[in-house]
Amino acid sequence: MKANEYFRKHGYRHCKSACLQNGWLNTGFWIRLKDLVKSHDVVEQFGGLEKATDAVINQEANGRPMSQLAQAIADVESCIEAGKRLEVNGGSI
């Protein structure tokens, strides 16, 4: 199973907890899962997926490299099933 499929199946909270418990593992799966959790955190800092996307469109990355924010958005989108909203920390992004 790919990391984004695992994330889609188990959700943000489970994946964040799993990464904290298994942070020392450096296999491709765990590295990718940690990157996905980090990307979700970045997008959440912008107020969600829609606002983060607007920030990229308007070139307002608030001190982050634009490419880093764009990659975070792509990561979040890869974890969302078509037609579903993603829950992170009790809110939707």
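Counting just the residues of the stretch 61-93 that are modelled with pLDDT of 55 or more and among the polar types (S, T, N, Q), which one comes out surrounded by the fewest Cβ atoms within 10 Å (Cβ to Cβ)?
Looking at the filtered set, the residue picked out is N62.
Determine, yes or no, whether V42 is surrounded by 14 or more Cβ atoms within 10 Å (Cβ to Cβ), touching a Phe, Trp or Tyr at 6+ places or on another chain (Cβ under 8 Å) and of a type in the set (V, I, T).
no
Matching residues to (1) in a helix (DSSP H, G or I); (2) touching a helix residue (DSSP H, G or I) at 6+ places or on another chain (Cβ under 7 Å):
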{"residue": "L20", "(1), (2)": "yes, no"}
{"residue": "F29", "(1), (2)": "yes, yes"}
{"residue": "D41", "(1), (2)": "yes, no"}
{"residue": "E44", "(1), (2)": "yes, no"}
{"residue": "G47", "(1), (2)": "no, no"}
{"residue": "E50", "(1), (2)": "yes, no"}
{"residue": "V56", "(1), (2)": "yes, yes"}
{"residue": "L69", "(1), (2)": "yes, yes"}
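Restricting the search to the stretch 1-51, which residues are of a type in the set (S, T, Y) and more than 14 Å from Q71 (Cβ to Cβ)?
Scanning the stretch 1-51 gives Y6, Y12, S17, T27.
Going by the conditions given, is A52 modelled with pLDDT of 80 or more, closer than 20 Å to E5 by Cα and not aromatic (F, W, Y)?
no
Cβ-Cβ under 6 Å, sequence separation 6+ or interchain: first residue in the stretch 64-93 and over 19 Å from E5 (Cβ atoms), partner at pLDDT 70 or above and buried (at least 16 other Cβ atoms within 10 Å of the Cβ). Which pairs?
L69/V56; A70/V56
Just one of (1) surrounded by fewer than 18 Cβ atoms within 10 Å (Cβ to Cβ); (2) modelled with pLDDT of 90 or more; (3) of a type in the set (G, A, S) trips up G23, so point out which.
Every condition holds for G23 apart from (2).
The values are calculated or read from the model by the stated rules, or taken from the named source; none is laboratory data. Keep in mind it's a predicted model, so treat the numbers as computed, not measured. Note that we place each Cβ from the backbone using ideal geometry, even for glycine, and neighbour counts take in every protein chain shown.
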